[in-house]
Amino acid sequence: MPAPDLTLKTTIGPLRLVNPFLLASGPPTASGEQIRHAFRLGWAGAVTKTIVPDTMKIQDVSPRFAVWKDENLRLLGFENIELLSRKNESYWTTEIAAIREDYPDQVLIASIMASPDPVEWQALAGTMQDAGADAIELNVSCPHGMPERGVGAAIGQHADLVNNVTRAVRQVIHVPLVVKLTPNITDIVPVAQAAVTGGADILSAINSVQCLMGIDLETLEPVPSVAGSTAYGGYSGPAVKPIGLRVISQIARELPVPLIGIGGISRWQDAAEYIAAGASAVQVCTAVMWDGAGIIREMNAGLSGYLARRKFAGVSDLKGRALPCIAAHAALSRATRSHATAGFPERCTSCGRCVISCRDGGYHAISLEDRRLVIDARRCDGCSLCSHICPEGVIVMQVRTHGSG
Ligand SMILES: Cc1cc2nc3c(=O)[nH]c(=O)nc-3n(C[C@H](O)[C@H](O)[C@H](O)COP(=O)(O)O)c2cc1C
């Protein structure tokens with residue numbers, strides 16, 4: 001096992017981590033073998049694929065994934081309609097006990113889900129705790145399949161139900177309790193509050209975002225098509241990071257509870273952003289499915305390099321640094337305005353994309369005169385569209401205090 005990088009050691013509530021990176025519940029944690037493989041590569045911990053009581057039947061469909069990727073096979077968004085662990089309770093109790101013994105420095109969290117009856121949650125949580133799980137994560141957030149049975153996001157969308165199930169499990173376990181929240185709700189804060197009041201030590205967010213990935217225009221069947229039909233699924237991967245960041249920062253601004261950020265993390269920079277938004281640690285699922293568990297090496301090296309370069313004392317020193325910069329819209333400055341400028345004119349290929357965007361979606365402030373970029377400062381409204389559309393990075397926004405030339 002590689003030596004843990006001391007600068008990345010951190011804590012999340014009562015849990016000690018050798019670095020802030022955990023595998024999220026999903027296919028990369030569907031078996032003990034996969035969890036062991038990840039621990040050998042340097043992951044600080046793992047959340048098992050959600051374990052259910054033996055009485056709950058889990059039958060997956062095939063195919064169950066659909067993807068949105070760019071022309072270089074880089075993943076943008078990922079949909080799944082996968083259900084929960086198909087392995088039984090005794091498989092997991094044996095594996096949890098064995099992994100616990102083999103990897104004492106790593107944190108192993110058992111994700112669980114049971115029927116709407118809180119007594120079933122209590123029994124399953126107790127079983128996994130007794131097997132040696134370092135913490136229990138309540139999956140009250142799966143957006144597909146399970147809500148039809150009254151669980152998953154059907155619980156997580158109601159503060160009172162979240163409070164009930166959290167309170168019930170809290171009564172019977174002494175290890176830390178994590179509640180995993182769904183983003184498929186208008187206001188996350190009352191649900192987060194209900195979990196904390198119910199006895200959660202840590203909140204993790206987000207589970208996947210309910211979606212319909214697309215429709216094959218030849219067959220007119222939505223994807224993934226299971227014998228001609230699909231169901232609404234869970235969206236994950238890079239496309240959902242802005243939603244996860246929003247949820248984590250909203251909770252961090254309101255509640256002093258330790259948070260684990262999840263959603264679209266595939267590079268160390270994503271993790272650093274979640275930490276700056278208030279998370280103490282992060283979980284990763286889709287990126288490991290796409291690029292393998294070996295991405296931990298670059299994530300660890302990149303994050304520790306960044307912390308050293310920016311002279312942060314450690315992960316906790318970065319935590320929440322961006323929060324004071326999130327404000328109500330009305331509180332944002334109107335005294336400073338940005339203006340588009342041709343920062344790097346030598347790079348301009350006269351492609352004209354900025355001209356078209358500014359004409360049809362902006363303020364008609366850009367033209368090409370003799371293939372030369374001209375920005376009319378009186379017309380420019382400072383929206384920044386041109387700086388995003390320019391493929392060569394020619395246009396940069398320059399901040400001016402209101403009233404200055
Ligand atoms: C194929 C697949 C299966 C998943 N299964 C579970 C699960 O069993 N339990 C759970 O809590 N979350 C499950 N998730 C959700 C992930 O743990 C995670 O919350 C979500 O995918 C967002 O993170 P990501 O963008 O890093 O994947 C699953 C996600 C995917 C893609």
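Residue under question is Gly320, and the condition is that it be in a loop (DSSP other than H, G, I, E, B), surrounded by fewer than 16 Cβ atoms within 10 Å (Cβ to Cβ) and not basic (Lys, Arg); does it hold? Against the criterion (in a loop (DSSP other than H, G, I, E, B), surrounded by fewer than 16 Cβ atoms within 10 Å (Cβ to Cβ) and not basic (Lys, Arg)), Gly320 does not qualify. Among the residues making up segment 219-230, those that are without any contact (Cβ under 8 Å) to a residue 12 or more places away in the chain and either assigned to a strand (DSSP E or B) or of a type in the set (Val, Ile, Thr) (or both) are Thr219, Glu221, Pro222, Ser229. If I ask for residues that are assigned to a helix (DSSP H, G or I) and open to solvent by less than 10 Å² (accessible area, probe 1.4 Å), which ones from segment 169-182 would you list? Val169, the sole residue that qualifies. Taking the residues in segment 219-230 that are closer than 30 Å to Leu161 by Cβ and away from the ligand (no atom under 14 Å from the Cβ) as candidates, determine which candidate is surrounded by the fewest Cβ atoms within 10 Å (Cβ to Cβ). Looking at the filtered set, the residue picked out is Ser229.
Quick grid of which residues meet (1) among the acidic types (Asp, Glu); (2) surrounded by fewer than 23 Cβ atoms within 10 Å (Cβ to Cβ); (3) free of Cβ contacts under 8 Å to residues at least 60 places away in the same chain:
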| site | (1), (2), (3) |
| --- | --- |
| Leu217 | no, yes, yes |
| Leu255 | no, yes, no |
| Leu303 | no, no, no |
| Ser316 | no, yes, no |
| Leu332 | no, yes, yes |
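Is it the case that segment 193-214 has a residue that's farther than 21 Å from Trp121 by Cβ, away from the ligand (no atom under 15 Å from the Cβ), in a strand (DSSP E or B) and modelled with pLDDT of 95 or more? Yes, the conditions are met somewhere in segment 193-214. Annotation for segment 81-89: at least one member residue is within 25 Å of Val226 (Cα to Cα) and open to solvent by 50 Å² or more (accessible area, probe 1.4 Å). Confirm whether Ile12 is within 24 Å of Met128 (Cα to Cα), in contact with a Gly (Cβ under 6 Å, 6 or more places away or on another chain) and in contact (Cβ under 8 Å) with a residue 24 or more places away in the chain. Judged against the criteria, Ile12 is not a match. Note on segment 105-135: residues that are touching a residue at least 40 places away in the same chain (Cβ under 8 Å), farther than 17 Å from Ala200 by Cα and among the charged types (D, E, K, R) total 2. Within segment 257-291, the residues that satisfy the criterion of being under 22 Å from Ile109 (Cβ atoms) and out of contact with any helix residue (DSSP H, G or I) (no Cβ under 9 Å at 6 or more places or on another chain) are Pro258, Gln283.
The residues of segment 303-312 that are hydrophobic (A, V, I, L, M, F, W, C) and assigned to a loop (DSSP other than H, G, I, E, B) amount to a single one, Phe312. Take the conditions of a type in the set (A, V, I, L, M, F, W, C) and over 18 Å from the mean Cα position of the chain (by Cα) and apply them to Ala38. Does it pass? Yes; evaluated as a whole, the condition is true for this residue. Of all the residues in segment 117-135, those that are outside any helix (DSSP H, G or I) and within 15 Å of the ligand (Cβ to nearest atom) number 2. The residue list Thr186, Thr182 contains one member that is without any contact (Cβ under 8 Å) to a residue 60 or more places away in the chain and either touching a Phe, Trp or Tyr at 6+ places or on another chain (Cβ under 9 Å) or within 15 Å of the ligand (Cβ to nearest atom) (or both), which is Thr182. When the residues of segment 16-29 are filtered to those that are more than 8 Å from the ligand (Cβ to nearest atom) and in a loop (DSSP other than H, G, I, E, B), the one that is surrounded by the most Cβ atoms within 10 Å (Cβ to Cβ) is Pro20. Only one of the numbered conditions (1) open to solvent by 30 Å² or more (accessible area, probe 1.4 Å); (2) in contact (Cβ under 8 Å) with a residue 24 or more places away in the chain is not met by Lys49, and that is (1).
Please work out if Glu79 is more than 13 Å from the ligand (Cβ to nearest atom), at negative phi and modelled with pLDDT of 95 or more. Against the criterion (more than 13 Å from the ligand (Cβ to nearest atom), at negative phi and modelled with pLDDT of 95 or more), Glu79 does not qualify.
Going through (1) within 14 Å of the ligand (Cβ to nearest atom); (2) open to solvent by less than 10 Å² (accessible area, probe 1.4 Å); (3) without any contact (Cβ under 8 Å) to a residue 60 or more places away in the chain one by one, Pro147 falls short only on (2). All conditions in (1) under 29 Å from Val18 (Cβ atoms); (2) part of a loop (DSSP other than H, G, I, E, B); (3) open to solvent by less than 10 Å² (accessible area, probe 1.4 Å) hold for Leu138, with the sole exception of (2).
The values are calculated or read from the model by the stated rules, or taken from the named source; none is laboratory data. Everything quoted here is computed from the prediction, not taken from an experiment. All Cβ positions, glycine included, derive from the backbone under ideal geometry; neighbour counts span all protein chains shown. Protein only, heavy atoms only, side chains kept; ligands, DNA and RNA dropped before computing areas. Shrake-Rupley method; radii C 1.70, N 1.55, O 1.52, S 1.80 Å.
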